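The values are calculated or read from the model by the stated rules, or taken from the named source; none is laboratory data. Predicted, not measured: the structure shown is a model, and the values here were computed from it. All Cβ positions, even for glycine, are placed from backbone atoms using ideal geometry, and neighbour counts span all protein chains on display. In case anyone asks, the SASA skips ligands and DNA or RNA and just uses the protein heavy atoms, side chains included. Shrake-Rupley method; radii C 1.70, N 1.55, O 1.52, S 1.80 Å.
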Amino acid sequence: MKNAFLQRQSMFLSILVLLISLNGCSMEGYRASRARQHAFIDYHPLADGSGRLRVAVKDNIDMKGEVTTAGSEYLARHSPPAARDAPCLALVRERNLPIVGKTNLTEFAVTVSGENSHFGTPRNRFDGRHEVIPGGSSSGSAVAVKTGMADVALGTDTAGSIRVPAACCGVYGLKTTFGLVPTKGVFPISPKYLDTVGPLARDISHLVQGMNLLQRGFASRYSKAVAAKPLARQIKIGRLYLDGTDPAIDKAIDEALRAKNFKVVILSQSFKKQWEQAQKDGKVVAAADAWLNDRQYNDKKGVSLLTKAVFALGEVEYHTSYAAALRRRAGWQHTLREVFKHVDFIAVPTLQNLPPKFPFWGSSVVFELRVFGMQNTVGVNYAGNPALAVPIPLPARKKTVPVTSLQLIGRPFHEAELLNAGRLLESKS
């Protein structure tokens with residue numbers, strides 16, 4: 001009896017030790033998961049307290065020695081580590097800045113809600129309940145800077161993939177001029193027409209530092225832009241009003257521009273019609289190019305049905321509308337050049353409505369198309385111009401989130417001037 005009791009006691013103690021060990025492992029994993037909030041696919045924060053600028057990199061940008069997953073289970077399992085860094089990381093490496101991790105994104109960067117069924121969807125804290133979409137495709141980059149896990153996050157923008165998550169998470173995001181930042185070593189969607197790399201940050205100061213990592217000498221250009229137009233009243237903004245916009249968002253944007261004393265002129269109905277056509281054409285090009293450049297993954301196990309549906313839509317657009325959309329591109333670029341003879345920037349909401357909650361059953365093609373229809377971003381990519389998403393306070397009216405987003409569009413290669421305007425909008429005075 002005594003021996004049997006001792007055996008049972010020994011077995012109990014062994015099980016208890018095992019449970020404690022497993023619980024410790026699970027708690028450690030839980031804490032890591034909680035810290036990341038799915039913003040990162042690979043996260044290694046600084047522990048030295050040095051105060052150095054912490055950079056996060058979207059995981060469709062090659063980093064030497066690491067697998068570029070592009071948010072895909074298939075690529076995560078089958079791709080070798082990158083042989084070299086993407087050229088857009090050259091200044092980050094040259095300045096020996098710490099990269100705290102690779103940020104999460106929608107699979108292949110082709111959907112817009114921010115959902116990722118394999119790596120987990122980055123959790124947007126903006127509504128306090130993690131129910132509002134983080135926006136895509138640079139979802140992890142936006143959440144990383146919003147939650148303070150990175151000072152600057154690099155993202156990519158093909159049809160709004162920096163500005164939309166910036167709007168959803170209440171941070172700043174800059175879509176750069178097409179061709180300004182090299183996209184070699186970036187997982188392609190539309191490298192010939194739409195793809196860009198740009199920074200996200202919680203404030204303009206850090207956004208400037210992010211641009212200074214993407215374009216040598218940018219900080220000096222920004223200082224010159226500030227010196228040239230230090231006051232908002234020196235800047236003329238063309239205001240574009242679009243059908244279907246939440247009136248509260250239009251009102252918040254108008255009040256912000258008025259409060260800072262920008263000179264505002266209302267753009268014409270004829271320009272509005274040209275904008276709407278450019279939005280349609282840009283969506284066609286984005287969808288068709290996604291199919292053209294990434295269709296080799298369409299039959300791969302591990303690629304989500306949602307992504308495959310996007311490719312199927314792109315194939316249809318390619319065969320029915322792609323050529324005509326590309327023919328209209330030069331005309332749209334000419335239209336913008338004419339407008340910018342009279343104004344410094346164009347102002348329009350980044351999103352026509354506040355970011356919605358995910359459906360109970362998760363994302364779907366219908367939901368992704370709904371979010372895609374909310375964004376006022378792809379026409380800018382279609383032209384190649386730079387654009388800045390700026391968070392704007394939204395007066396409390398039982399809204400889900402307390403901030404909306406203003407998109408400022410500028411002339412090609414005028415990123416410094418855009419950020420100066422963003423500085424003036426951000427200022428407390």
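The residues of the stretch 98-240 have, on average, 28 Å² of accessible surface per residue, using a 1.4 Å probe with all protein chains present. With a simple spin-label model that places each label point 7 Å from the Cα along the Cα-to-Cβ direction, the separation between Leu326 and Arg77 comes to 3.5 nm.
Take the solvent-accessible surface of the protein heavy atoms, probe 1.4 Å, and return the percent of it on the chain that carbon and sulfur atoms account for.
Details: 10560 of 18990 Å².
Summing carbon and sulfur atoms, their accessible area is 56 percent of the total for the chain.
Averaging over every viewing direction, what projected area does the convex hull of the Cα atoms of the chain cover, in nm²?
On the way: hull surface 100.5 nm².
The number I arrive at for the chain is 25.1 nm².
How much net charge surrounds Asp254 when only other residues with a Cβ under 14 Å from its Cβ are counted (Lys, Arg +1; Asp, Glu -1)? Result for the local shell: +2.
When the Cα positions of Ala232, Asn381, Leu326 are compared along the charge dipole of the chain, Ala232 comes out farthest toward the positive end, with charges on each C-beta of Lys, Arg, Asp and Glu.
Listed by number, the DSSP H helices of the chain that run 27 Å or longer by alpha-carbon position along their axis and have mean Kyte hydropathy of at least -0.5 are 2-36.
To the nearest 20 debye, what is the magnitude of the charge dipole of the stretch 39-192 about its Cα centre, counting +1 on the Cβ of each Lys and Arg and -1 on the Cβ of each Asp and Glu?
Working: 17 positive and 14 negative charges, 62 e Å.
It works out to roughly 300 debye.
Dipole size in debye (nearest 20) for the stretch 153-242 around its Cα centre, Lys and Arg Cβ +1, Asp and Glu Cβ -1? With Lys and Arg at +1 and Asp and Glu at -1, about 380 debye. Peptides 164-172, 188-196 ordered by packing proxy, namely the average of other Cβ atoms within 10 Å per residue, highest first: 164-172, 188-196.
Starting from 0.36 nm per residue, how many nanometres of slack lie between Tyr241 and Asp299 once their C-alpha separation is accounted for? Walk me through the numbers before you get to the answer.
Values: separation 58, 0.36 × 58 = 20.88 nm, distance 4.22 nm.
Fully extending the segment from Tyr241 to Asp299 adds 16.7 nm.
What the stretch 353-420 shows is 39 Å² of accessible area per residue, with the surface traced by a 1.4 Å probe over protein heavy atoms.
Ordered by solvent-accessible area of protein heavy atoms (1.4 Å probe), largest first, the residues Lys357, Lys184, Lys251 come out as Lys184, Lys251, Lys357.
Determine the sum of side-chain charges near Ser429: Lys and Arg each +1, Asp and Glu each -1, restricted to other residues whose C-beta is under 14 angstrom from that of Ser429.
Values: positive: Arg233, Lys260, Arg423, Lys428; negative: Glu426.
With Lys, Arg at +1 and Asp, Glu at -1, the net is +3.
Under a Cβ-only charge scheme (Lys and Arg +1, Asp and Glu -1), can you give me the dipole magnitude of the chain about the Cα centre, in debye to the nearest 20? Each step should come with its number before you reach the end.
On the way: 55 positive and 35 negative charges, 169 e Å.
Dipole about the Cα centre, nearest 20: 820 debye.
Each of Ser304, Ile61, Gly140 was scored by the projection of its Cα onto the charge dipole of the chain, and the greatest displacement toward the positive side belongs to Gly140; charges sit on the C-beta of Lys, Arg, Asp and Glu.
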